[in-house]
Amino acid sequence: MTRGHVLAIDDEVDVLALVAELLGRAGFMVTPALGGEAGLAVLQSGLEVDLVVLDIAMPGIDGWGVLERIRAASEVPVLVLTGRSSELEKVRGLRSGADDYVTKPFGRQELLARVEALLRRSSGRAGVDEAYDDGLLRIDFLQRRVEAAGYPMRLTPLEFRLLSTLVRHAGQVLGYDQLLEIVWRRAYGISAEEIRTYVSYLRRKLRAAGVEHEPIETVRGFGYRYRPPGD
């Protein structure tokens with residue numbers, strides 16, 4: 001029995017071989033894909049994977065393009081491989097929907113540890129409801145569709161994760177640290193101000209959909225709480 005199925009996307013054969021060897025020895029099943037187009041083809045084939053290891057610097061469809069398409073359709077954990085160690089590059093990856101990053105050249109044990117950590121977090125989110133409906137918000141978690149007051153809302157992947165997290169903990173105050181862990185999944189380069197910014201985006205879109213009251217409540221000094229209608 002394998003510990004999980006990992007899709008490795010890179011344009012370097014040597015890197016793919018290294019990732020496959022390392023994770024394979026640790027008990028994972030690894031599907032290698034040479035380049036962004038090949039990686040997307042694997043995902044579009046319907047093959048179920050538990051995690052994606054994704055290189056950024058690739059010819060053709062680069063890692064950013066692949067990540068954007070993954071996040072448009074899936075919440076599968078993504079570990080980004082980048083040759084750039086600058087903070088801006090790492091922040092860009094996390095804000096684009098990556099769950100973690102490793103800088104090339106990477107240590108074998110570091111890569112393995114990060115893969116294992118991401119899969120533990122992912123398994124902790126398993127078993128959630130497929131849909132939510134409180135009369136005001138209707139969310140199809142599998143299809144990633146949201147309706148507010150009967151009108152569809154167009155949300156970015158990060159906005160969807162934030163709203164889904166608040167709704168799944170309806171009535172409960174979620175602190176900044178909790179939101180960073182659940183929504184952003186890592187706190188590198190992310191501040192409380194960014195959380196406030198994304199909450200404001202959600203509130204604006206809720207108002208645009210015709211929601212008259214404010215269902216996302218600010219609890220000063222603590223965080224945020226979603227209040228269902230009549231609560």
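The values are calculated or read from the model by the stated rules, or taken from the named source; none is laboratory data. None of these values were measured; they are calculated from a predicted model. Here Cβ is always computed from backbone atoms with ideal geometry, including for glycine, and neighbour counts include all displayed protein chains.
Can Gly65 be described as under 18 Å from the mean Cα position of the chain (by Cα) and over 20 Å from Arg121 (Cα atoms)?
On the way: under 18 Å from the mean Cα position of the chain (by Cα): yes; over 20 Å from Arg121 (Cα atoms): yes.
Judged against the criteria, Gly65 is a match.
State all residues of the stretch 2-27 that are hydrophobic (A, V, I, L, M, F, W, C) and within 21 Å of the chain's Cα centre (by Cα); if no residue qualifies, say none.
Correct list: Val6, Leu7, Ala8, Ile9.
Tell me the residue from Gly93, Gly97 that is touching a helix residue (DSSP H, G or I) at 6+ places or on another chain (Cβ under 6 Å), modelled with pLDDT under 90 and either outside the structural domain of Val146 (by TED's automatic domain parsing) or buried (at least 16 other Cβ atoms within 10 Å of the Cβ) (or both), please.
Criteria check complete, one pass: Gly97.
What single numbered condition from (1) modelled with pLDDT under 90; (2) hydrophobic (A, V, I, L, M, F, W, C); (3) touching a helix residue (DSSP H, G or I) at 6+ places or on another chain (Cβ under 7 Å) fails to hold for Leu119?
All conditions are met except number (3).
Of all residues in the stretch 5-48, count the ones that are outside any helix (DSSP H, G or I) and within 20 Å of Ala73 (Cα to Cα). Write out each step before concluding.
Going residue by residue through the stretch 5-48, those that are outside any helix (DSSP H, G or I) are 5-12, 26-35, 45-48.
Restricting the remaining residues to those that are within 20 Å of Ala73 (Cα to Cα) gives 5-9, 31, 33, 35, 45-48.
Number of matching residues: 12.
Residues that are touching a residue at least 24 places away in the same chain (Cβ under 8 Å), under 19 Å from the mean Cα position of the chain (by Cα) and closer than 23 Å to Glu130 by Cα, at least 3 per element: which helices (runs of 4 or more DSSP H) completely within the stretch 142-231 meet that?
Ranges flagged: 157-168.
I'm checking my understanding of the structure. Among residues of the stretch 1-21 that are out of contact with any strand residue (DSSP E or B) (no Cβ under 9 Å at 6 or more places or on another chain) and either among the aliphatic types (A, V, I, L, M) or crowded, with 18+ Cβ neighbours inside 10 Å (or both), which one is modelled with the highest pLDDT? Write out each step before concluding.
Step one: list which residues in the stretch 1-21 are out of contact with any strand residue (DSSP E or B) (no Cβ under 9 Å at 6 or more places or on another chain), which gives 1, 14, 18.
Right, trim to either among the aliphatic types (A, V, I, L, M) or crowded, with 18+ Cβ neighbours inside 10 Å (or both) and you get 1, 18.
Numbers: Met1: 55, Leu18: 94.
Among them, the one singled out is Leu18.
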